[in-house]
1. Starting from 0.36 nm per residue, how many nanometres of slack lie between Val204 and Lys23 once their C-alpha separation is accounted for?
2. Given +1 on the Cβ of Lys and Arg, -1 on the Cβ of Asp and Glu, and no further charges, what dipole in debye does the chain carry about its Cα centre, rounded to the nearest 20?
3. Rank Ile8, Thr162, Leu152 by how far each Cα sits towards the positive end of the charge dipole of the chain (+1 on Lys, Arg Cβ; -1 on Asp, Glu Cβ) and give me just the farthest.
4. Over all directions, how big on average is the projection of the convex hull of the alpha-carbon atoms in the stretch 123-217, in square nanometres?
5. Which order do Leu179, Leu10 fall in if you start with the one that has the fewest other Cβ atoms within 10 Å?
6. Mean separation of Cα pairs under 8 Å and 6+ residues apart, divided by the residue count of the chain: what relative contact order is that in percent?
7. Please give me, ordered by residue number, the GluC sites (Glu not before Pro) of the stretch 88-141 that lie in loop per DSSP and have at most 13 other Cβ atoms within 10 Å.
8. Which GluC sites (Glu not before Pro) in the stretch 147-218 pass both tests, a DSSP loop state and at most 14 other beta-carbon atoms within 10 Å?
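Derivation of every value follows stated rules applied to the coordinates shown; laboratory data play no part. All figures in this text were calculated on a predicted structure; none of them were measured in a lab. So basically every Cβ, Gly included, is an ideal-geometry build from the backbone, and we count neighbours across all protein chains shown.
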Amino acid sequence: MKKQFAVIGLGRFGGSVCKELYKMGHEVLAIDINEERVNNYAQTSTHAVVANGTDENTLTSLGIRNFEHVIVAIGDNIQASILCTLLLKELNIKQVWVKAQNQYHHKVVEKIGADRIIHPEHDMGIRVAHYLVSEKIIDYIELSPEYSIVELMATEKVSQRTIAQLNIRAKFGCTILGLKRGDEVIVSPTPDQMVIEKDIIIIVGENNDLKRFEEEGL
Ligand code: ATP
Ligand code: ATP
Ligand code: CA
């Protein structure tokens with residue numbers, strides 16, 4: 001389903017969010033105070049406008065109230081980011097996601113109602129560390145401090161064996177959510193589903209169990 005988003009601040013982070021949402025077919029209103037930045041997004045957003053995200057009248061006249069989801073990606077100017085977040089929450093925007101610059105910034109926007117706070121450099125650093133430690137880990141999503149979803153590359157060891165034969169849930173307490181095989185995605189595989197070397201195994205579980213599976217099961 002097509003959704004509507006507004007992205008305020010078109011730096012590297014906001015810019016990537018904007019382009020990717022647009023690529024996925026969603027409607028994206030791209031906003032920045034810098035005209036040159038805005039011009040760069042004319043082709044990769046639904047509307048790109050030069051505007052100040054800290055000006056309430058401007059936000060209102062852009063019809064920002066009609067957006068359920070706004071991303072505040074104003075970087076270095078923490079004051080502007082905070083004020084913009086405050087205005088958006090006052091305008092009753094349901095989902096305001098904010099790129100935080102540091103812990104102080106995080107605390108303030110959390111207090112004024114930001115619905116999700118993102119630390120791209122910090123989060124990406126953690127993910128990269130996980131990829132570095134194991135070449136089997138393709139991707140990693142932390143669900144909570146205890147649970148994660150990981151994408152692991154199937155090795156020769158598990159190749160040509162069914163999920164039931166591998167007995168993953170009983171042995172490791174982890175559940176396979178899906179398999180990616182080239183362009184094909186096998187969602188909710190049945191126990192008789194065969195695993196083949198180089199399949200990407202999407203698996204959910206407790207971090208310790210996932211680690212055991214990665215080290216001993218693969
Ligand atoms: P990134 O790391 O994502 O590249 P950054 O941390 O370097 O971003 P900035 O470049 O400081 O962040 O800010 C991101 C964008 O936010 C810039 O393009 C800037 O013009 C824009 N911006 C700053 N203040 C405002 C404002 N009040 N309203 C709208 N956009 C703003
Ligand atoms: P369960 O009650 O866990 O579904 P079961 O004993 O009824 O298992 P099957 O459903 O046929 O038997 O599965 C055989 C084995 O395969 C089980 O021991 C289970 O641990 C494992 N298994 C089945 N599906 C998955 C899955 N999606 N991810 C990981 N392991 C699985
Ligand atoms: Ca930056």
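1. Details: separation 181, 0.36 × 181 = 65.16 nm, distance 2.81 nm.
This chain segment gains 62.4 nm when fully extended.
2. Numbers: 24 positive and 30 negative charges, 55 e Å.
About 260 debye.
3. The residue sitting most towards the positive pole is Thr162.
4. On the way: hull surface 23.3 nm².
So the mean shadow area of the Cα hull is 5.8 nm².
5. Details: Leu179 21, Leu10 26.
Ascending Cβ contact count within 10 Å gives the list Leu179, Leu10.
6. Details: 406 pairs, mean separation 28.4, N = 218.
Normalised by residue count, the contact order of the chain is 13 percent.
7. Details: sites: Glu90, Glu110, Glu121, Glu135; in loops: Glu135.
The qualifying sites are Glu135.
8. Details: sites: Glu151, Glu156, Glu184, Glu197, Glu206, Glu214, Glu215, Glu216; in loops: Glu197.
In loop regions of the stretch 147-218 (DSSP not H, G, I, E or B), the sparsely surrounded GluC sites (Glu not before Pro) are Glu197.
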